[in-house]
1. Among what's in region B:59-101 and is assigned to a helix (DSSP H, G or I) and among the basic types (Lys, Arg), pick the residue that is nearest to the chain's Cα centre (by Cα).
2. Sort out for me the helices (runs of 4 or more DSSP H) sitting completely within region A:1-106 that have 2 or more residues that are over 30 Å from B:ALA56 (Cα atoms).
3. For region B:153-167, name all the residues that are within 14 Å of the chain's Cα centre (by Cα), within 11 Å of another protein chain (Cβ to nearest Cβ) and either of a type outside the set (A, V, I, L, M, F, W, C) or open to solvent by less than 10 Å² (accessible area, probe 1.4 Å) (or both).
4. Select from region B:171-198 the residues that are facing chain A (nearest Cβ under 10 Å), in contact with a Leu (Cβ under 8 Å, 6 or more places away or on another chain) and among the small types (Gly, Ala, Ser) and list them in ascending order.
5. Can you pull out the residues in region A:7-41 that are within 8 Å of another protein chain (Cβ to nearest Cβ), under 16 Å from B:GLU161 (Cα atoms) and open to solvent by 40 Å² or more (accessible area, probe 1.4 Å)?
6. Looking at (1) facing chain B (nearest Cβ under 10 Å); (2) within 40 Å of the chain's Cα centre (by Cα), find the lone condition where A:GLY70 falls short.
7. Any residue in region B:61-79 that is without any contact (Cβ under 8 Å) to a residue 40 or more places away in the chain sitting within a Cβ distance under 8 Å of a residue that is open to solvent by 60 Å² or more (accessible area, probe 1.4 Å)? List the pairs, counting only those 6 or more apart or interchain.
Amino acid sequence: MPQYVQGLLSAADACETADHVQACAACREELAGLKKTWSALGELPAPHAAASMAPEVLQRISDYENKRAGTLRAWLAPFKPSFAGATAAIMLAGFFAGALISSVYYPDNGQAQTGTDSAYAGILSDAPPASFVELYQQTAGQNSQENAL
Amino acid sequence: MQTRIMTGELLHEETDEALMKAVAGKHTGALRELMGRHEERVRRLAFRFTGSDDAACDLVQDVFFKVYTAAASYSPQAKFTTWLYRITANHCLNYIRGSRNNPLRHPAQPFEDVGAAQAVHAPGETQLAALEKNEQAAQVRRAVDSLPERQRMAILLLRFEELSYRDAAAALDCSVSALEALVHRGLETLNKQLSDSL
């Protein structure tokens with residue numbers, strides 16, 4: 001029925017509804033009420049004239065984009081070249097300091113290593129030929145010779 | 001076409017759908033053009049739904065800001081106005097739900113104010129006729145305000161925006177039969193409330 005009032009029905013459906021309404025008192029009454037209500041809705045006032053809100057919307061968009069760009073900048077700040085250079089310098093300094101301390105506290109590091117390798121070589125003497133253990137023993141032997149030289 | 005939009009040439013000649021593509025590429029000039037075309041319909045619907053000019057202005061801002069931020073999700077296969085009405089309907093419904101928790105937020109204008117503005121400007125009308133019209137407008141407003149939000153929105157979309165049932169159903173994110181039920185129930189309620197005064 002509302003679609004009939006709005007004139008949205010097809011010609012055939014509209015004819016059928018009109019025929020029915022003529023014959024049915026209850027539907028006739030309902031239709032009259034609907035027409036009145038539909039028409040009365042036209043009394044709802046329209047908004048007062050107002051200036052476009054475009055400047056406010058564009059300002060809001062500008063703030064939004066600036067905020068987004070600010071967040072991205074803050075996230076990328078640790079990756080700035082100056083920060084990366086400082087980080088690399090600290091890491092290099094730590095590496096050299098560690099090497100220096102190691103050479104002071106363990107001056108015979110190479111000897112001790114050779115000794116340890118020899119001890120392990122004894123334990124692993126039963127290794128089958130061409131195995132990884134044998135390869136390790138050969139490499140360890142070469143290292144010992146180089147250290148001795 | 002896209003290049004022309006991006007360089008700001010002849011924006012007014014482009015379709016809404018082409019402008020939306022440009023908005024998705026952060027082209028604010030295209031958004032301004034869309035606002036020029038559709039701001040009034042958003043304001044009209046928001047005002048009739050909330051009964052407040054201030055709320056309507058806020059909603060216009062919210063809706064077009066959403067159009068900008070959600071532009072990438074817009075599919076050009078869909079009619080722009082249907083998509084816009086969907087955003088507007090969602091914002092209006094959320095606004096009313098939010099207002100229930102905050103009754104001080106842009107209360108609806110007193111009916112006398114709304115009607116008086118029209119009564120003063122209506123040409124060729126006696127003072128008595130204007131007052132009667134004002135009173136009738138107030139009764140209609142009260143009746144419309146008393147409807148559940150979705151019924152109210154459905155009726156406004158059909159009565160004032162003249163959408164088809166299919167487009168109105170898309171705006172309310174429901175089926176056409178569900179929309180028919182909303183309209184039927186809403187009109188029944190209005191009919192009962194206004195039957196004495198009409």
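1. Here the answer is B:ARG86.
2. Details: elements: A:2-6, A:11-23, A:25-40, A:54-76, A:81-105.
In region A:1-106, A:11-23, A:25-40, A:54-76, A:81-105 are the helices (runs of 4 or more DSSP H) which contain 2 or more residues that are over 30 Å from B:ALA56 (Cα atoms).
3. First, the residues of region B:153-167 that are within 14 Å of the chain's Cα centre (by Cα): B:153-163, B:167.
Now narrow it down to the ones that are within 11 Å of another protein chain (Cβ to nearest Cβ): B:154-156, B:158-160, B:162-163.
Those that are within 14 Å of the chain's Cα centre (by Cα), within 11 Å of another protein chain (Cβ to nearest Cβ) and either of a type outside the set (A, V, I, L, M, F, W, C) or open to solvent by less than 10 Å² (accessible area, probe 1.4 Å) (or both): B:ALA154, B:ILE155, B:LEU156, B:LEU158, B:ARG159, B:GLU162.
4. B:GLY186, the sole residue that qualifies.
5. A:LEU8
6. A:GLY70 satisfies all of (1) facing chain B (nearest Cβ under 10 Å); (2) within 40 Å of the chain's Cα centre (by Cα) except (1).
7. Qualifying pairs under 8 Å: B:GLN61/A:GLU56; B:GLN61/A:ARG60; B:PHE65/A:ARG60; B:PHE65/A:TYR64; B:THR69/A:TYR64.
The values are calculated or read from the model by the stated rules, or taken from the named source; none is laboratory data. Computed from a predicted model, the values in this text were never measured in an experiment. No Cβ is skipped: glycine too gets one built from the backbone with ideal geometry, and neighbour counts run over all protein chains shown. Accessible surface areas use protein heavy atoms only, side chains included; no ligands, DNA or RNA. Shrake-Rupley method; radii C 1.70, N 1.55, O 1.52, S 1.80 Å.
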